[in-house]
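The values are calculated or read from the model by the stated rules, or taken from the named source; none is laboratory data. Because the structure is predicted, anything quoted here is derived from the model rather than measured. Neighbour counts are summed over all protein chains in view; Cβ atoms, including those assigned to glycine, are modelled from backbone coordinates with ideal geometry.
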There are 2 protein chains.
Amino acid sequence: MDFAAELKSLKDQIRYRSRIVTPGVFKNIVISGMGGSGVVGRIFAEIYSKFPVVVVHDYHVPDFVDSNTLFIAISYSGNTEETLSACEEAEERNASIVAITSGGSLARKNCQVIRIPPGLQPRSALGYMLMPLVNTFLNPSQEDIERTHLILKEMDENHSLASKLASEIFKQERFPVVMASSPYRSVAYRWKTQFNENAKILAFSSDFPELNHNETMPLKLSYSLDRFYFIAIKPESQRIRKRVDVTQLVTERTFTAVEPIGDTLLQKLFYLIHLGDYVSYELALLRNIDPSDVSLIEELKRKLQ
Amino acid sequence: MDFAAELKSLKDQIRYRSRIVTPGVFKNIVISGMGGSGVVGRIFAEIYSKFPVVVVHDYHVPDFVDSNTLFIAISYSGNTEETLSACEEAEERNASIVAITSGGSLARKNCQVIRIPPGLQPRSALGYMLMPLVNTFLNPSQEDIERTHLILKEMDENHSLASKLASEIFKQERFPVVMASSPYRSVAYRWKTQFNENAKILAFSSDFPELNHNETMPLKLSYSLDRFYFIAIKPESQRIRKRVDVTQLVTERTFTAVEPIGDTLLQKLFYLIHLGDYVSYELALLRNIDPSDVSLIEELKRKLQ
């Protein structure tokens, strides 16, 4: 499948109906994953907090993990060494384990395995990995899912906004800094990683209101500010919208505003995620770079063995 | 107090003996704080995980917060609006509240208040804010604290390594990217914020092994890589040290290595934190910028009211 087709599959992924079967009694949730699989945990932890949700992107699990923990291992390939290591530790601590994977060693674990379709790059399978968590814990309506499908479909047909953003970043070879506030901070991080993985450029994410406490002065006084392209995802909260405006005022800087489309969190979240997918994809094309190329990561993995 | 004197006070701050009096029974810890006060929660969450520790840098607390939560509000001034808002929500949920502050509204809360000395910039009071948590939950030996004191004192007397790093960043006006792995990821974030607040430049942090999953390709293929200065804090784990080496190999890039000094986590953590303090301070001096200037943040706060 070519990379454009992978991107276009997201609208169908959100119809994926799998869910975690009753996981028993638990008091906290730990989600382990790296890169394109790991961002799923970050997104979920930001939109669901009825239990403490701790996201791990490392070889080890926190000390508190025990039989009261629902441990969710997410690895698209099923062979990510960090995630397998964390999962083994969680097993030793008698946590309830759920694996979300398309195959590999993780699919052979003696636990509930949610086996998602193979054949994509992990970063293009976000819907397959996220929806089982959303279905289980947030239970969206069929109407919400179909409306989200439609929003993504429309973007597949027309993403001129994404092309415009990509072109503005490209023409002066700038580095995107994506600024967002709750519940879209992890979306800003997803944009950063998509710029990294698809367009192969350095990119950064930052969040309101925290950034006001440290990045306000540099946004006016740093050197070479013209090398950065600041994107601000429109905040849900009026109080933080004012912060975005006042920050631009006192730093005499303009952020490119990106506004979520949709009526519900699910719709807006996936709209924003997919927009970032297309901006990074279009930027790769402008740079004449293959967005699907992961050769250096493969080389790194070989040399680590 | 001038800013150099503030920095030099850190070695004495680590002798601060306050601790949380028996907080009763709790099942999770939520730490709220912003900027220079907020980084304290991030550092603590990384070195202590016998309970789920969730760090909040926003107006609101997670849904799970209830009477089983130990809620620790950290605001040096005691008047940070986000922290006060989060603290009010935690009170409404009947959490056990502890405040760490030098005064303001937070000091007048009807809860356990750890009242730390006033008169510093929040970012220069990290020891006062962190040590009550360390004393309560990690109980370091007197010898460990005195050894840490000595390491910091030696750096106050000679920080030629910091001057060298600052000079390398300054001479080509580069943007620091500080890379670290557990248990020093929050230290990399602290360096980023100190570059922001003291030297008034944009700066970034990133962490191993996660960065291998997204930043490997851009570290070789991004444009304008010479505008960044990559600093890698030496990993504790052999497996991640190898990752740092192989990443440099496959991307044909060199990271400046920074090695923690000390025998214990406490010593190494404070050594690294203090080194970042000095690098950012020296860079401010090279830029002919007042490291203590927070005028734009004050202006922003006025305009938000």
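Side notes on the structure shown:
Results for (1) within 14 Å of another protein chain (Cβ to nearest Cβ); (2) touching an Asp or Glu at 6+ places or on another chain (Cβ under 9 Å); (3) assigned to a helix (DSSP H, G or I); (4) more than 16 Å from A:V134 (Cβ to Cβ), shown as yes or no for each residue.
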site	(1), (2), (3), (4)
A:K268	no, yes, yes, no
A:Y281	no, no, yes, yes
A:L285	no, no, yes, yes
A:I289	yes, no, no, yes
A:K301	yes, yes, yes, yes
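- Flag for A:P209 being buried (at least 24 other Cβ atoms within 10 Å of the Cβ), more than 16 Å from the chain's Cα centre (by Cα) and modelled with pLDDT of 95 or more: yes
- Hey, A:D2 closer than 29 Å to A:M155 by Cβ and at pLDDT below 95 or not: yes
- All of B:T256, B:T251 fail the test of being away from chain A (no Cβ under 13 Å), surrounded by fewer than 23 Cβ atoms within 10 Å (Cβ to Cβ) and either of a type in the set (D, E, K, R) or more than 19 Å from B:I43 (Cα to Cα) (or both), apart from B:T256.
- Meets criteria (in contact with a strand residue (DSSP E or B) (Cβ under 8 Å, 6 or more places away or on another chain) and either of a type in the set (S, T, Y) or surrounded by fewer than 22 Cβ atoms within 10 Å (Cβ to Cβ) (or both)) for B:Y223: no
- Matching residues in the range B:200-216 - criterion: being assigned to a loop (DSSP other than H, G, I, E, B) and aromatic (F, W, Y): B:F208
- Of all residues in the range A:245-277, those satisfying the criterion of being among the β-branched types (V, I, T) and under 20 Å from B:S295 (Cβ atoms) are A:V246, A:T247, A:V250, A:T251.
- Selection from the range A:20-36 of residues that are buried (at least 19 other Cβ atoms within 10 Å of the Cβ) and hydroxyl-bearing (S, T, Y): A:S32
- Residue match in the range B:140-150 (condition: buried (at least 18 other Cβ atoms within 10 Å of the Cβ) and in contact with a Pro (Cβ under 6 Å, 6 or more places away or on another chain)): no
- Any hit, the range A:166-188, residues being part of a helix (DSSP H, G or I), in contact with a Lys or Arg (Cβ under 6 Å, 6 or more places away or on another chain) and within 14 Å of another protein chain (Cβ to nearest Cβ): yes
- Figure legend. Inter-residue proximity from the range B:166-183: first residues over 15 Å from B:A203 (Cβ atoms), second residues part of a strand (DSSP E or B) and not basic (K, R), beta-carbon distance below 8 Å, spacing 6+ or different chains. Indicated pairs: B:S181/B:D207; B:S181/B:I233; B:S182/B:D207.
- Test result for B:I261, assigned to a loop (DSSP other than H, G, I, E, B), more than 23 Å from A:R302 (Cβ to Cβ) and within 14 Å of another protein chain (Cβ to nearest Cβ): no
- Strands (runs of 3 or more DSSP E) lying entirely in the range B:1-102 (those with 2 or more residues that are within 29 Å of A:V61 (Cβ to Cβ) and either among the charged types (D, E, K, R) or more than 19 Å from the chain's Cα centre (by Cα) (or both)): B:69-74, B:96-101
- Test: B:R42 is of a type in the set (K, R) and in contact with a helix residue (DSSP H, G or I) (Cβ under 6 Å, 6 or more places away or on another chain): yes
- Among the candidates B:I273, B:I231, residue that is in contact with a helix residue (DSSP H, G or I) (Cβ under 9 Å, 6 or more places away or on another chain), of a type outside the set (F, W, Y) and not in a helix (DSSP H, G or I): B:I231
- Note on the range B:229-248: among residues that are of a type in the set (A, V, I, L, M, F, W, C) and more than 7 Å from chain A (Cβ to nearest Cβ), the one that is nearest to A:K171 (Cα to Cα) is B:F230.
- For the range A:37-68, the set of residues classified as at the interface with chain B (Cβ under 7 Å from one of its Cβ atoms), crowded, with 24+ Cβ neighbours inside 10 Å and either at pLDDT below 95 or farther than 19 Å from B:V30 by Cα (or both) consists of A:G38, A:H57, listed by residue number.
- B:L219, sole failed condition from (1) part of a helix (DSSP H, G or I); (2) at the interface with another protein chain (Cβ under 7 Å from one of its Cβ atoms); (3) over 25 Å from A:E210 (Cβ atoms): (2)
- Filter pass, A:G35 being farther than 19 Å from A:Q112 by Cβ, of a type outside the set (F, W, Y) and in contact (Cβ under 8 Å) with a residue 12 or more places away in the chain: yes
- Residues being at pLDDT 95 or above, small (G, A, S) and part of a helix (DSSP H, G or I) are represented in the range B:118-137 by at least one member.
- Per-region count, the range A:189-213, residues among the charged types (D, E, K, R), within 30 Å of B:S77 (Cα to Cα) and at the interface with chain B (Cβ under 7 Å from one of its Cβ atoms): 1
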